[in-house]
1. Which one of B:GLN184, B:PRO172, B:VAL200 is farthest out on the positive end of the charge dipole of segment B:144-225, using unit charges on Cβ (Lys, Arg +1; Asp, Glu -1) and the Cα centre as origin?
2. Please list, in chain and number order, the residues 5+ apart from B:GLU175 or on another chain whose amide H is under 5 Å from its amide H, with Hs placed from the backbone.
3. If we count other beta carbons within 10 Å of each Cβ, what is the order of A:THR399, A:THR349, fewest first?
4. With θ set to phi - 60° and the Karplus curve 6.51 cos²θ - 1.76 cosθ + 1.60, what are the ³J(HN,Hα) couplings of segment B:226-238 in order, to the nearest whole Hz, using x for Gly and Pro?
5. Straight-line reach from A:LYS317: which aspartates and glutamates have a Cα under 12 Å away, not including same-chain ones fewer than 8 places off?
6. If one takes the longest principal axis of the Cα atoms in chain A, at what angle in degrees, from 0 to 90 and to the nearest 10, does the Cα axis of helix A:264-276 lie?
7. Just list whichever of A:LYS246/B:LYS69; A:LYS246/B:LYS211; A:LYS246/A:LYS301 have alpha carbons separated by over 24 Å in the model shown.
8. For the ranges A:329-339, B:104-114, A:174-184, what's the packing order if you count other beta-carbon atoms within 10 Å of each residue, average per peptide, and put the highest first?
Number of protein chains: 2
Amino acid sequence: MPQLPQIQPGSGTPIYRQLYTQMKQFIESGQWKAGERLPATRELAGTLGLNRATVSAAYGLLEAEGLIKGHVGRGSFVSVEEVRGRGVNWTSLLGDRPVSPAPAPVPSGAISFSASRPSTRLFPIEDLRASCREVLEGPQAAAILQLGSPGGYEPLRRYLLEASHREGVLGPEDELMVTSGCQQALDLLARVLLRPGEPVAIEDPVYPGLKNLFLEIGAEVTGVPMTAAGIDLDELQRALDRRRPKLVVVTSNFQNPTGATLSLGAREVLLRATRDAGAVLVENDIYGGLRYQGQPLPAVKQVDGSAPTVLLRSFSKISFPGLRVGWVIGPRPLIGRMLGAKQLSDLHTDHLSQAVLLRFAESGRLEAHRGRMLEAGAERLRAVLEGCERWMPRGAEFTRPEGGMNVWVRLPDPLDASELLGRVQRENVTYLPGRYFAVSRPATGALRLSFAGLEPEEIAQGVRVLGSVCSAEMERLNPPGGLEPAPAIV
Amino acid sequence: MPQLPQIQPGSGTPIYRQLYTQMKQFIESGQWKAGERLPATRELAGTLGLNRATVSAAYGLLEAEGLIKGHVGRGSFVSVEEVRGRGVNWTSLLGDRPVSPAPAPVPSGAISFSASRPSTRLFPIEDLRASCREVLEGPQAAAILQLGSPGGYEPLRRYLLEASHREGVLGPEDELMVTSGCQQALDLLARVLLRPGEPVAIEDPVYPGLKNLFLEIGAEVTGVPMTAAGIDLDELQRALDRRRPKLVVVTSNFQNPTGATLSLGAREVLLRATRDAGAVLVENDIYGGLRYQGQPLPAVKQVDGSAPTVLLRSFSKISFPGLRVGWVIGPRPLIGRMLGAKQLSDLHTDHLSQAVLLRFAESGRLEAHRGRMLEAGAERLRAVLEGCERWMPRGAEFTRPEGGMNVWVRLPDPLDASELLGRVQRENVTYLPGRYFAVSRPATGALRLSFAGLEPEEIAQGVRVLGSVCSAEMERLNPPGGLEPAPAIV
């Protein structure tokens, strides 16, 4: 029985589970044959440097499934008859998936605070139609229908390069590539920089698509707590010292889910700290174009153009999320490697959307649309903050972002945002509880209100319902009458 | 010095190089600290089960870079002062990349047989424009601009499901998802099914984007030789017995690069063999819609609908490669997992192209376009085969596909297709030598002629140039005058 399981300590999957999954596969694939004797638990534990109980737990699972059989005094034997010929065993082939489960679908007709995306009602369809027509009547029509380059549709790439240069976010050593949205940029970064077990530091709470991406590849994920002023810089320093992450991913503006923005001073500290630690700093800036109040701040990337910061941006939040076009600016060696990964991943980003968005931007339509988005966003932000002030129970806290799409609410103890969700949904309102965003710290009492997709009246109504349910629950738990002890849980 | 390098024998990277890269990173990341003593070469070789010379080679590289210093009789020590604070070392962070280098760009103005893609001149731009207009004037316009589902734009997905059902390629246990082209389908399959070191069997020669994808993730790649009738089934059986691949990827129709098609009998044998071995069979069928002669054959997927075959298809070869839309049909548990991977990879495939291609197909325009593609393809295939008959030197062999975009030429010994390329390019013709497609067997004398993007006259002219250069070289090597021995290589 030469092939032994291999353990990945930092993978997030319990070790007995890793052992079980791999041994099951050895048996079902025929690498471990029927009748063969398994190593004794003590022996295997010794070889792999594990606790014997861990190995026994894995053997127990295998025996429960009838895949092995223990004989007192003789050890355990592979008992499966012959899995070959029965085709593919998907459960065993696919193994476990270390990502958090997705939330249930939103009940239709509900006022939904669940999605951080723009309002469908604001889409300037006529402008998009014109951009599309101009592209397909233009001289490049045939070229955009042909196979392209992993770096992006060259006219769009040049347009973005020039805009980045003007803004001061394109360093002398930098290159720019187009991606299928920011999610792909994060995926390509993980793909070229991280191997299973390698350390990465991210915000906690954070957008689930970021957390799950790193969990899926088996990275060692450290969550750095968020404050109302962005990532906690002291905690980040501690994580840099202790974990030596290869990658630190930070949202500079209107973070998802907290809405927090880093001050200029914080940006400087962040840059220095990551640079001193030799970590790659990734600035995820998909909400930066959506500031409704206050003064815009320079991107972290702009604060020190010679630092090896990687900047991610996208058209999706400021225009149309259904057109998947984003871009990355970063040091040339990194972008070079990401181009290779991009080519293997999907050859290149869809040309039609790249060309149409370029036309939409070049024609000034994007800027005009952004003006309307800022107006609408300001109104919706006001509605959600006024609603929270008015309807949230005493002791609730919420962030006060100056832009973006999200407000983070912490309910007073002992309210549990997951437990309350069902009750709120019965009144036709829904949101995502904090646990979907939690990395290392529980966020039981927290929830995210994504306000950008709703009308101001819907926001007011939704927050009123949420606040009333929370207040009613607080009253039930702390009746004004006195301090009747709760019945013991038995 | 607790952290030791980990070796992946099947990764394609030489072991001394793996050792060097990892140790360099340990030093530069500070895991191995300045002044620390490295294990003796004999000791490390013993621990890792390697040859001592392999370890010495890695130490030699580190010493040459000044990262370690050897002291006679005392061993080697980490000599780097302090890499922290100097920022990011990209060479070390990114490591080596185990994929074949890309070919040089095609000289502009050349008759290029290098790309397996349709002719830009055949694109029905007016039809596409109409499809685009209809989509953006239709009731779904706003919906397609909003964030969507990882499974695809639902009306397109339903359309493809119905078409697949009618064709008989949708088994009772199957599900269908849209991908950003076939490349992404392959990437998602690799992502959910393969871990580094796990075995996979592919055709040899094969499309480089497939080979490189598996090499990049560190899979153990076995190339199964191709015959003019498709993958060699005896060799495949041997690979299944010896390597137990988890995944077998096969092109049923007009394989890239050979143009070979599997007979119905071969499809049946293939199904049985992979099924008996418990391997997942992936049928890559992006050229199946482009048959110019002969009778169409059922997809492998259709031959046994209850087998766990995974079928990949795409709009890119039969319509517009610049619009990145393909789809996968496969067993529900697998597609379920791929949906999760897709969401982390890029959220979902671009909506605009999905909606436009759906309209293009539903309106009958795709079928009309395919009719013109078949006519044009037949003419081009005839041109390339006639050219090869007429101009290739005696002893050359070439495949005779009945469809697709590629003909595979084997030049007579001792011609080397890479060596001849420069000479052919000087006469304004270019192609890809066989080595770009080789997996485990060299393909020195072979080359691919991708004919679909050219006009028949260009094909005739290009093959004439290629044939003349080859013939001239054969004459030079074997002058009709006699058998003068070549000068010795000294």
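Each reported figure results from applying straightforward, stated rules to the coordinates on display, with no laboratory input. Just so we're clear, the structure is a prediction, and the values are computed from it rather than from any experiment. Positions of Cβ are backbone-derived with ideal geometry, glycine not excepted, and every protein chain shown enters the neighbour counts.
1. Ranked along the dipole, the leading option is B:GLN184.
2. For B:GLU175, whose amide H was placed from the backbone, the distant partners under 5 Å are B:GLY330, B:ARG332.
3. Working: A:THR399 23, A:THR349 31.
Fewest-to-most Cβ neighbours within 10 Å comes out as A:THR399, A:THR349.
4. 9, 10, 5, 9, x, 4, 6, 6, 5, 5, 4, 4, 4
5. A:ASP285
6. Compared with the principal axis, the helix lies near 40 degrees.
7. Numbers: A:LYS246/B:LYS69 26 Å; A:LYS246/B:LYS211 28 Å; A:LYS246/A:LYS301 18 Å.
As for pairs spanning more than 24 Å Cα to Cα, those are A:LYS246/B:LYS69; A:LYS246/B:LYS211.
8. Details: A:329-339: 20.8, B:104-114: 15.2, A:174-184: 25.9.
Descending mean neighbour count gives A:174-184, A:329-339, B:104-114.
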